C-alpha cells in the first residue's frame with residue numbers, strides 16, 4: 001500500500017490477513033554452481049542478510065504503516081472474524097482447485113497438510 005503509493009488512488013483498506021506476501025531470492029543453479037566456492041558463499045551470506053533486512057523493514061512498515069495510511073486519508077477496516085471466515089469458506093476452494101490444476105494436487109495437498117500442522121501448533 002505504501003511502497004506502491006496505493007493510498008493515492010484507494011480510499012479503503014480491509015485488514016483481512018488473507019495473503020502472506022513472501023519474497024523469493026532465486027538464482028540459476030548452473031550459473032551458481034559455476035562460481036568459485038568463495039563467491040557462492042558470499043552470495044549465500046548476502047541472501048541471508050537481505051532476508052533479515054527485508055523482514056526488519058516489513059516489521060517497521062507494519063508498525064508505522066497503518067497510521068501513515070490514516071494520515072493520507074485511508075479508512076482502515078478490520079472485518080469481524082466471522083466475516084473473514086466466510087470469505088475464506090467461499091474463496092478458498094476455487095483457489096485450491098486452480099492451484100491443483102496449475103501445479104499438481106500432490107504439491108498443493110502437501111502444502112495444505114503443512115499449513116494444518118502449523119496451525120495446530122498455534
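Every read-out reported here was derived from the displayed coordinates using simple, explicitly stated rules and does not represent laboratory data. All of these numbers come straight from a predicted model, not from anything done at the bench.
Things to note:
- For the chain, built as a Gaussian network whose Cα springs stay under 10 Å, the top-fluctuating residue of 64, 33, 17: 33
- The angle between the Cα long axis of helix 81-103 and the longest principal axis of the Cα atoms of the chain comes to about 40 degrees, rounded to the nearest 10.
- The chain: calculated mean residue ellipticity at 222 nm from DSSP helix runs of at least 4, using -39500 (n - 2.57): -23000 deg cm²/dmol
- Hydrodynamic radius of the chain per Kirkwood, over alpha carbon pairs, in Å: 18.4
- Overall form of the range 80-122 per C-alpha gyration tensor (a/c, 1.5; a/b vs b/c): oblate
- Inverting the pair-averaged 1/r between distinct Cα atoms of the range 35-83 gives 14.0 Å as its Kirkwood hydrodynamic radius.
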